[in-house]
Amino acid sequence: MRFVFLSFLISFSTLVSAQFKLSEEAEIAIITVGPYQGEVWSAFGHSGIRITDPKSRIDWFYNYGLYDFEQENFFLNFAQGLLKYRVGVTKYDRVYRFYKSQNRFIKEQYLNLTLEEKQVFFDFLQNNVKPENAEYLYNYVYDNCATKIRDIPEELFVGRIRFDSSYKEEGKTIRDLMDDYLDYQPWGDFAIDLGLGMQIDEEAPAYQYMFLPDYVHKAFAGATIERDGRTSPLVEREVKSFTPEEELFDNGLLTPFNVFVMLFFIVGLITHRNLKSGKRTKWVDTLLFSIVGFAGWWVVFLWFGTEHLSKYNLNILWAIPFHFPLAFFIAKEKYRKFFRRYFKITAYWYCLLLIIWMLLPQPLHQSLVPLVLTMVLRSFYIGYDLRGNATKLTVKKKS
């Protein structure tokens, strides 16, 4: 799955405009590229199509994972899930050198097609890379660089392609499939779990696995094609053109879990000092509850304002939007009674949430547990502090 625009992966107008008749030596291969931990979007791998024909001096790579930073309303479209991707073609050796430099495996599956079928496949790609046809509306799961590879032979050879599904695992969801690739992307994993809702928590059918390049590879490996009532393997042969060197990865200390554990102890220490001094550190509460409230509004925006898979997001249970901007008014004397009740309810709600955490239909990220504990601690303390101050004010009025 490739999410970046590579400067050398561009559509060549001269290649698109030219008409080629493939020779008997022409071959079409599905290219699967392994994960790369340099960016979170590269951790899922990548898919593409290679077409070679020595007689026509063709060795091209078709890539459905491109986007253009200069497209109109780029950042707005990105935020709303309306980003347009496109297909481009470039020389394969450039692609090979690039992915090799990133130490990513490269596998080639050469398709068992007749010359006529290869020509149909090639003509489809050539037509697809024309500027007027190249763009498509990207979706994480249902329409990306991997699903396009799956869809092309099904569209060209209707009813004749059967993909293997033996890789399917019982009960596995789209979120589970994503998590398999994010062991070394802790913050990316956290962001995905925060932003995507229950739409990715139903058991995924085998066909849906193919939003990931590895499963496109597996599905093609056991796929068949039917000709004249006879069934043949779709893949003629497989070549591992580059095997990467083994690498060791380290997530470092600043993972989401470690950060939230440190936050819990820091806020705990501040709360202890507040209890001893009788004075509340107000900026801590303003900052803490504002950040959590802002996260809540982000969840709301993704849920109702975008086309991401973000609806029915149970992160709203801890990222309560009302915390922001209410956190800025805690110190107001006229709202004291309201906030005593608000934070008492908030504290008990967070306690209940921790009790039912593992029963929720959407798995919330485990690193959030120490954050919610921090919210419990501070909510109880704010309620206690406001009640204590209210008592002091009452005593002063009587005296």
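Summary of values
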quantity: Options Phe289, Phe324, Phe304, Phe264; residue that is outside any loop (DSSP other than H, G, I, E, B), without any contact (Cβ under 8 Å) to a residue 12 or more places away in the chain and either over 23 Å from Val40 (Cβ atoms) or assigned by TED's automatic domain parsing to the domain that holds Ile31 (or both); calculated: Phe304
quantity: Test: residue in region 234-253 that is part of a helix (DSSP H, G or I) and of a type in the set (Val, Ile, Thr); calculated: no
quantity: Selection count, region 359-392, where residues are at pLDDT below 65 and either surrounded by 12 or more Cβ atoms within 10 Å (Cβ to Cβ) or among the basic types (Lys, Arg) (or both); calculated: 3
quantity: Cβ pairs under 7 Å, 6+ apart, first in region 268-286 and in the same structural domain as Phe324 (by TED's automatic domain parsing), second among the polar types (S, T, N, Q) and not in a helix (DSSP H, G or I); calculated: Ile270/Thr281; Asn274/Thr281
quantity: Pick from region 195-220, criterion hydrophobic (A, V, I, L, M, F, W, C), touching a residue at least 60 places away in the same chain (Cβ under 8 Å) and crowded, with 20+ Cβ neighbours inside 10 Å, ranking: farthest from Ser165 (Cα to Cα); calculated: Leu196
quantity: Residue in region 335-345 that is in a loop (DSSP other than H, G, I, E, B) and of a type in the set (Val, Ile, Thr) present; calculated: no
quantity: Counted residues, region 167-198 - those being under 11 Å from the mean Cα position of the chain (by Cα), closer than 17 Å to Asn313 by Cβ and part of a loop (DSSP other than H, G, I, E, B); calculated: 1
quantity: Some residue of region 146-158 being of a type in the set (Gly, Ala, Ser) and in a helix (DSSP H, G or I); calculated: yes
quantity: Boolean, Leu234 is assigned by TED's automatic domain parsing to the domain that holds Leu115 and either crowded, with 20+ Cβ neighbours inside 10 Å or of a type in the set (Val, Ile, Thr) (or both); calculated: yes
quantity: When residues of region 326-350 are limited to those that are in contact with a helix residue (DSSP H, G or I) (Cβ under 7 Å, 6 or more places away or on another chain) and loosely packed, with under 15 Cβ neighbours inside 10 Å, the one nearest to Asp385 (Cα to Cα); calculated: Ala331
quantity: Residue that is nearest to Gly38 (Cα to Cα) [pool: residues in region 227-262 that are under 26 Å from the mean Cα position of the chain (by Cα) and among the hydrophobic types (A, V, I, L, M, F, W, C)]; calculated: Phe249
quantity: Counted residues, region 100-127 - those being under 14 Å from Arg50 (Cα atoms) and among the hydroxyl-bearing types (Ser, Thr, Tyr); calculated: 1
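For (1) touching a helix residue (DSSP H, G or I) at 6+ places or on another chain (Cβ under 6 Å); (2) assigned to a loop (DSSP other than H, G, I, E, B); (3) at pLDDT below 95, each residue gets a yes or a no:
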| site | (1), (2), (3) |
| --- | --- |
| Tyr62 | yes, no, no |
| Asp68 | no, yes, yes |
| Gln71 | no, yes, yes |
| Val95 | no, no, no |
| Phe98 | no, no, no |
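The values are calculated or read from the model by the stated rules, or taken from the named source; none is laboratory data. Note that the structure is predicted; figures quoted are calculated from it, not measured. Neighbour counts run over all protein chains shown; Cβ positions are idealised from the backbone, glycine included.
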